[in-house]
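Where a number appears in this text, it was derived from the coordinates with a stated rule and is not lab data. Computed from a predicted model, the values in this text were never measured in an experiment. All Cβ positions, glycine included, derive from the backbone under ideal geometry; neighbour counts span all protein chains shown.
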Amino acid sequence: MWCPLRVGRGAAPTDIPGVPCTIRRSAIGGLHFYRWLSVGVRAGAAHESLELPSVDGRWLAIVMGPLYLITGAGGGTGGVSRLVIEQLRGSGERVRALVHRDDERADPLRDLGAEVVVGDLTDPQNVVDAMTGVDRMFFSMSVSPEYLQATVVVCDVALESGRLEVLVNMSQMTVSQMTLTSTEESRQHRLHFLAEHVLNWSRVPVVHIRPTTFLDNPMFTLFAVPSLRERNVLALPFGTGRTSPVAASDVARVVSTVLLDPAERIGHVYELTGPESLDIDGLAAQYARALHRPITGTDVPHDTWVEEVLKPVGLPAHLQQHIATMARLHRAGRYDRATNDVEKVTGRPALTVEQYITEHPQLFS
């Protein structure tokens, strides 16, 4: 059995008085792992301890950190869950990554030293297996009509286990503007609104993360690239609407910070945006500085954008309706919002649009 031991950073078991052993050592993701070959190992009653026999027959407790479960881990390279795993493993934390399929996207998670498990968040047995022994959890799921069902299953398992210190829930900032009877939002927005209520009613120790639209959203990357490349034009269906998109990396930093130190944050809601709210011309100016060439912003009628840009991509109907609604709400001024919650939580301000594009040139080439 390989066990991460926290006896000082990188300290070998032989540094612990009274523990005779033969060891083999391996470094994974900056954390030293030791395999105990000639002594028994007994798990402690609490999640934070591992017990080893000393020379006088007594058990010596070794402090271990909490076990983190990160769902939605099979997302793309820039996905929030994957970035959270990178950050937690970089700090030497024990991480279990839940993926929907064990494909090529899971291998980099194993390379980071995460334990990879395969499961469906709507399958109660899968969720029970994934959450067994877990102390802190990041609940994230891709846009899906089954989102609320998954939330209920996770809540039920968390309540049955009774050991979860915190569940960090990935929501959306539009929830802050919604009411029970509002109808302008997407079906996915409504699922997030209801999911937050379920989590609150369940009394699971929860922290809600409500980001605005992501800079990584295809509206600002994949869908925008053709006109940027061919005509140096940033074409968006926003009219005079303003927006403050936030980078997935900034959202991941907030999530990791909350997971690592949740005690004083239970029940909080964090609304995450970029540093300023910009209209189409302001966005184009940021693209121009990052791409080192003149970029002009132009409005595209919403219906035209949906028919000529969004629909040809062939996205599932639920996801397509969500993105089309986001574009319409931008036009209506619903994304004209800015907070400093990223800096307040992490101590570092959110990336600007210019900084994001500069850091990800491959998305815009």
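Could you give the distance between the Cα centres of segment 292-318 and segment 80-137, to the whole Å? What the calculation gives is 34 Å, centre to centre. Sorting 220-228, 149-157 by average packing, meaning the other beta carbons within 10 Å per residue, from highest down gives 149-157, 220-228.
Computed from label points 7 Å out along Cα-Cβ, the spacing between residue 307 and residue 266 is 5.4 nm. Consider a paramagnetic label point 7 Å from the Cα of residue 229 along Cα→Cβ; state which residues of segment 263-305 have an amide N under 12 Å from it. So the set is empty, nothing qualifies. Length gained on full extension, residue 289 to residue 321, computed as 0.36 nm times the residue gap minus the Cα-Cα distance: 8.3 nm. Taking packing as the residue-averaged number of other Cβ atoms within 10 angstrom, the listed peptides 82-94, 116-128 run from highest to lowest as 82-94, 116-128. Highest mean first, the peptides 184-191, 102-109 sorted by other C-beta atoms within 10 Å per residue fall in the order 184-191, 102-109.
Each label was represented as a point 7 Å from its Cα along the Cα-to-Cβ direction; for residue 146 and residue 103 these points are 1.5 nm apart.
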